[in-house]
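Colleague: Take this structure, written in structure tokens, and hold onto it; I'll ask about it next.
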Amino acid sequence: MYEAGMELMPFFKNIKYVRPSVEEFTEVVREVRLKLMTSQDPDQAYEAIMEYEKQLSKFDTAFALCMILHDLDTSNEFYGDELEFFDEANAAVAELCSAVLTGILNCPCADKLREKYGDMIFKKAVNQKEIISKEVIEDLAKESSLENDYSQIQSEAEIMFRGKSLNLSQLSVYLEATNRKVRKEAHAALDSYYMSKKETFDKIYDDMVKIRTTIAKKLGFNTFTELGYKRMERYDYNAEDVRKFRDNVVKYIVPITTQIRKLQKERLEVDELMFYDLPSLFRKGNPTPIVPGEGYERVAGDFFHKIFGVDPSFFDVLSEHGFTDLLSRKAKSTGGYCMYLEDYAIPFIFMNGNGTADDVATIVHEGGHAYAAIKSAEVTPFIECLSPTLETCEIHSTSMEFLSYPFMDMFYGDKADQYRELHMTQALLFLPYGCMVDEYQHIVYDNPDMTPDERHAAWKSLEEKYQPGINYDENHPFHAMGGAWMKKDHIFTTPFYYIDYCLAHICALQLWDESREDMKSALAKYNILCGSGGTDTFLKLIAQAGLESPFDTGVMKRLAFSACQFLEL
């Protein structure tokens, strides 16, 4: 990106959004398919494919830019309307892309193309052929519209708390307040908000489950679970492997989290650890950055300079050119992400900093995504293979969180040790939660006729399995009845994604464990993984980088021991 010269890099504010033409894209696809049908020359076929890739990049960039601009200011109706356009356009373009990939599979010189450019694009072609067809285009548009409905409601949340109107990001500061009374009131306000949206979200999710099941049936699958795994491009593991992984988390991680909660109760000096106490790990409060929000870009830039030894760091360059937006504000969408603008080979980092410890973890997490995107920008001519499948992407980001430990004094000063303890503790607590989210989706999509009440009951039952001992009171009826899953946007918008974070955690912990003895070696493996992009499948990519499979029981046992040792449990 910046290595070609900062003077050549555009400023984000100068990039203009233009709605892409589906008609023009359709015409390009028609011409490319005709060329592929008759081409005996792999070079000629490659030229045709590259014209298609150029147009796909243009479309993807427009969609990414529209999403970013909408999320930066959700009150701007123009970009909201444009997202409605993409509800239908994305479905149509997905079908066209599938047609091109099928053309690559059936091209007379397919074997020569495979020999020259590798097997991954062909794996994706076969997979794409199975998950898209003309028969489901309208259904895909409906699914996308429902996802946007949920996200828009979440971004527009206004919660009254102590005389202030707050969005979800702003309220989260009070959820981990040092004062127990404030924590309790904040959780009650959150509970009340979601209870007011329960019927709406129940209806949206019920419609989602039904439309996704319909799509799966039309494509020849028994359940959406099967289609969901295909959508997530799980080439070298299956639902049974994931089930065994979840079982290992219950066996080896949940006992550790139970001990963590006992210690937390002692630390907080409370008679009983309540639901609203869970986010607060320390009696004097969780550590917060000593860096004010307006200083995040500068310190993050310094951090990435120190860890990679490049000055200015990629983060410095992104910030200087307006490709970061880090602080929460009114009318800004919730959450955090790294969005890649393919036409420019530039990532955009979006987050909602609010002064909590999560800010720093998010900065380095999304920074890890951005670094990997830049590192692999030229690894393949195929857009489809620039980025790996999502569990590998999450290793890029999650590993950076753990590898940042030696540098956390930059953000926390003399509280850096507290942050490291907090982060490792939260990582262990996350693993059962992530598995719970995953198993919940298996239950729902394997039983699509469940009622909303039955879905809530299923979640409540899973809480007892993965998060034993949660105590609710009369101020939290929504959470007590099994409603907490509605807070997790991935359940609505990206089904079966969440387990990817758990798999990535086990891989990231391997790099962390190695970095304690040899940071140079850990970073070398990290760079191999980032630089490989999406040129192979998950298990092969991590093996190439020298990492072990997260499905290996022995790996999880070893890392559980190392984490306990680190936390002195």
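The values are calculated or read from the model by the stated rules, or taken from the named source; none is laboratory data. Predicted model only: the values in this text are computed from it and were never measured. All Cβ positions, glycine included, derive from the backbone under ideal geometry; neighbour counts span all protein chains shown. Each accessible area value is taken on the protein alone, full model and side chains, heavy atoms only, with ligands, DNA and RNA left out. Shrake-Rupley method; radii C 1.70, N 1.55, O 1.52, S 1.80 Å.
Colleague: Kindly state, to the nearest 0.05, the FRET efficiency for Lys330 paired with Lys203, given R0 = 22 Å and r defined as their beta-carbon distance.
Modeller: 0.25
Colleague: I would also like to ask the following. Work out, step by step, the length gained on full extension between Glu138 and Asp111: first 0.36 nm times the residue separation, then minus their alpha carbon distance; give nm to one decimal.
Modeller: 6.3 nm is the gain from fully extending Glu138 to Asp111.
Colleague: What does the net charge come to around Lys124 if you take all other residues with beta carbon closer than 14 Å to its beta carbon, with K and R at +1 and D and E at -1?
Modeller: Taking every Cβ under 14 Å from that of Lys124, the sum is -1.
Colleague: Multiply the residue separation of Glu474 and Thr38 by 0.36 nm, subtract the distance between their alpha-carbon atoms, and state the gained length in nm to one decimal.
Modeller: Details: separation 436, 0.36 × 436 = 156.96 nm, distance 6.99 nm.
Full-extension gain reported as 150.0 nm.
Colleague: Ranked from highest to lowest mean number of other Cβ atoms within 10 Å per residue, what is the order of the peptides 87-99, 104-116?
Modeller: Peptide ranking by packing, descending: 87-99, 104-116.
Colleague: Nearest 5 is fine: what % of DSSP beta bridges in the chain come out antiparallel, could you say?
Modeller: Counting only bridges with both partners in the chain, antiparallel ones make up about 75 percent.
Colleague: Are any of the pairs Lys203/Lys557; Lys265/Lys520; Lys124/Lys460; Lys54/Lys142 more than 32 Å apart by Cα-Cα distance, and if so, which? Intermediate values should be presented prior to the final figure.
Modeller: Values: Lys203/Lys557 41 Å; Lys265/Lys520 38 Å; Lys124/Lys460 37 Å; Lys54/Lys142 28 Å.
Too far apart for the 32 Å limit: Lys203/Lys557; Lys265/Lys520; Lys124/Lys460.
Colleague: How big is the Rg/Rh ratio for the range 98-137, C-alpha atoms only, Rh by Kirkwood, two decimals?
Modeller: 1.03
Colleague: Accessible surface of His476 in the full protein assembly, 1.4 angstrom probe, to the nearest 10 Å²?
Modeller: We get 0 Å² for His476.
Colleague: Moving to a separate point now. At 0.36 nm per residue, and after removing the present C-alpha to C-alpha distance, how many nm does the segment from Lys218 to Arg162 gain when stretched out fully?
Modeller: 15.1 nm
Colleague: Moving on. Counting helices only, and only those DSSP H runs with n ≥ 4, report the 222 nm mean residue ellipticity of the chain as the sum of -39,500 (n - 2.57) divided by its residues, in deg cm²/dmol to the nearest 500.
Modeller: One gets -21000 deg cm²/dmol as the mean residue ellipticity at 222 nm.
Colleague: Could you sort out which of Lys184/Lys244; Lys284/Lys330; Lys330/Lys525; Lys134/Lys197; Lys13/Lys375 sit more than 31 Å apart by Cα distance in this structure?
Modeller: Details: Lys184/Lys244 37 Å; Lys284/Lys330 29 Å; Lys330/Lys525 40 Å; Lys134/Lys197 34 Å; Lys13/Lys375 24 Å.
Over 31 Å Cα-Cα: Lys184/Lys244; Lys330/Lys525; Lys134/Lys197.
Colleague: Within the chain, which whole H helices from DSSP have a Cα span along their axis of at least 30 Å and a mean Kyte-Doolittle hydropathy of -0.5 or more, if any?
Modeller: In the chain, the long hydrophobic H runs are 42-72, 77-106, 416-446.
Colleague: What does DSSP give for the range 307-370 in terms of the percent of beta bridges that are antiparallel, rounded to the nearest 5?
Modeller: Restricted to the range 307-370, the bridges split so that about 60 percent are antiparallel.
Colleague: Can you tell me which aspartates and glutamates have their Cα less than 15 Å from the Cα of Lys217? Leave out same-chain residues fewer than eight positions away.
Modeller: Those aspartates and glutamates meeting the cut-off are Glu130, Glu135, Glu138, Asp139, Glu143, Glu226, Asp446, Asp449.
Colleague: While we're looking at this one, here's another question. Which value, in nm² and rounded to one decimal, describes the direction-averaged projected area of the C-alpha convex hull of the range 309-363?
Modeller: 4.7
Colleague: On a C-alpha basis, how far is the centre of the range 275-327 from the centre of the range 144-219 in Å? Whole number, if you could?
Modeller: That distance is 26 Å.
Colleague: According to the Cα gyration tensor, what semi-axes, each the square root of 5 times an eigenvalue, does the equivalent ellipsoid of the range 413-476 have, listed from largest to smallest in whole Å?
Modeller: Working: eigenvalues 198, 46, 15 Å².
Ellipsoid semi-axes (Å, largest first): 31, 15, 9.
Colleague: Could you point to the label whose value was computed as volume of the Cα convex hull per residue in Å³ for the structure here, given (1) 145; (2) 156; (3) 216?
Modeller: Recomputing volume of the Cα convex hull per residue in Å³ here picks out (1).
Colleague: Under 14 Å from the Cβ of His305, count the other residues' Cβ atoms, weight Lys and Arg +1, Asp and Glu -1, and hand me the total.
Modeller: -3
Colleague: Something else now. Could I have the simple spin-label model distance between Phe122 and Lys262, label points 7 Å from Cα toward Cβ, reported in nm to one decimal?
Modeller: 5.6
Colleague: Let me ask you something else. Only bridges with both residues in the range 220-366 count here: give the DSSP antiparallel percent, nearest 5. Numbers along the way, then the final one.
Modeller: Details: 5 of 8 bridges.
Of the beta bridges lying entirely in the range 220-366, close to 60 percent run antiparallel.
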